[in-house]
Amino acid sequence: AGEVSTDDLLAWVRAFARLVEENREALTELDAAIGDADHGANMHRGTTAALAAVDGAPPASPGALAKKVGMTLVSTVGGASGPLYGTFFLRVGTALGDAATATPAEVVAALRAGIEGVVARGRAEAGDKTMVDALTPAVAAAEEALAAGRSWTEALTAAAGAAAAGRDATTAMVARKGRASYLGERSAGHQDPGATSAALLLAAAAETLLG
Ligand code: ADP
Ligand code: MG
Ligand code: MG
């Protein structure tokens with residue numbers, strides 16, 4: 001498996017922005033059911049600004065690019081998701097450091113650090129019906145695949161599949177964090193918007209990070 005370069009990370013951000021744009025209305029509809037109907041707009045604004053901030057003149061390293069994306073998400077997205085996704089990318093960037101490329105194991109470790117940042121900031125636990133329910137199984141699947149000696153392609157494919165399964169599992173959950181928690185039991189039966197956008201982030205990674 002090849003090393004992950006700044007260009008690879010840029011391609012990941014570009015693919016994420018594209019998937020968010022394609023799913024903007026769907027994300028908003030999910031948020032209309034259990035939130036305030038702005039997740040599609042929030043994510044579209046954030047990913048468009050993040051891509052604009054790094055496209056054309058990409059930062060010098062994958063870590064610097066991730067940090068720039070994180071800072072842009074924090075500053076452009078007003079909702080809960082902006083600071084959480086922003087923290088995710090900032091922590092990924094810090095974990096990657098200044099190296100010109102990253103190995104698959106380093107990328108997965110950085111994603112793990114990103115989740116830890118999301119949890120430190122948002123205090124969501126597994127089963128609370130949030131983006132964490134898609135992100136955590138995805139990174140666990142990637143870790144397991146690499147630990148088992150599987151390829152980077154297999155690890156990313158497993159991660160994207162686990163994120164999608166985690167997203168689907170949020171439908172049955174009762175929300176305990178974020179706006180959806182105001183609905184209590186009535187939040188059950190609806191797929192979580194943030195877990196849905198998180199599955200798009202992993203789908204974008206599987207599309208682009210193969211080095
Ligand atoms: P807002 O709720 O402020 O309108 P968004 O609609 O953009 O923000 O994002 C909502 C999503 O954010 C939820 O679907 C959920 O996945 C995620 N979320 C909300 N609060 C938390 C939290 N404390 N920890 C993790 N994720 C959260
Ligand atoms: Mg919302
Ligand atoms: Mg809102």
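Please treat every number below as a calculation from the coordinates, not as lab data. Keep in mind that what you see is a predicted model, and the values were worked out from it rather than measured. Glycine gets a Cβ as well: all are built from the backbone with ideal geometry, and neighbour counts include every protein chain shown.
Quick notes on this one:
- Where GluC sites (Glu not before Pro) fall in DSSP loop in segment 83-184, at most 13 other Cβ within 10 Å: 125
- Net charge dipole size for the chain [Lys, Arg +1 and Asp, Glu -1 on Cβ; Debye, nearest 20]: 480
- Euclidean distance between Cα centres, segment 62-97 to segment 143-211, Å: 18
- When the P(r) is computed for segment 23-120, the part past 17 Å accounts for 53% of the Cα-Cα pairs.
- Rg over Rh, two decimals, segment 1-53 (C-alpha only, Kirkwood Rh): 1.13
- Within the chain, helix-based [θ] at 222 nm, where runs of 4 or more DSSP H residues each add -39,500 (n - 2.57), nearest 500: -22500 deg cm²/dmol
- Solvent-free Debye scattering, log10 I(q)/I(0), computed from the Cα coordinates of segment 4-208 at q = 0.10 Å⁻¹: -0.36
- Comparing 119, 92, 132 in a Gaussian network model of the chain (Cα springs below 10 Å), the most mobile by mean-square fluctuation is 119.
- Nearest 10 degrees, 0 to 90: helix 24-34 Cα axis against the chain principal axis: 40
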